[in-house]
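Here's the structure we're looking at; comments come further down.
The values are calculated or read from the model by the stated rules, or taken from the named source; none is laboratory data. Quick caveat, the model's predicted, so the values are computed rather than measured. Ideal geometry is used to build each Cβ from the backbone, glycine not excepted, and the neighbour counts take in all protein chains shown. Heavy atoms of the whole protein, side chains included, go into the accessibility calculation; ligands, DNA and RNA do not. Shrake-Rupley method; radii C 1.70, N 1.55, O 1.52, S 1.80 Å.
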Amino acid sequence: MHLCAYGREQQPCSRCGSPIRRVKFMNRSSFFCPQCQRKRSS
Ligand SMILES: [Zn+2]
């Protein structure tokens, strides 16, 4: 598992260049890239 977005805030993903988003989950802040975390449904 590669966390390309972990520890980054308001920075472009180093993998795809998309803006990193921060979400709060269980009293913890998590960073994720909407592109890299995106499910492939097609
Ligand atoms: Zn990404």
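How many residues does segment 8-37 hold that are of a type in the set (Gly, Ala, Ser) and more than 8 Å from the ligand (Cβ to nearest atom)?
Total satisfying the criteria: 2.
Please enumerate the residues belonging to segment 1-28 that are modelled with pLDDT under 80, polar (S, T, N, Q) and open to solvent by less than 100 Å² (accessible area, probe 1.4 Å).
Going residue by residue through segment 1-28, those that are modelled with pLDDT under 80 are 1-11, 25.
Next, only the ones that are polar (S, T, N, Q) stay: 10-11.
Scanning segment 1-28 gives a single hit, 11.
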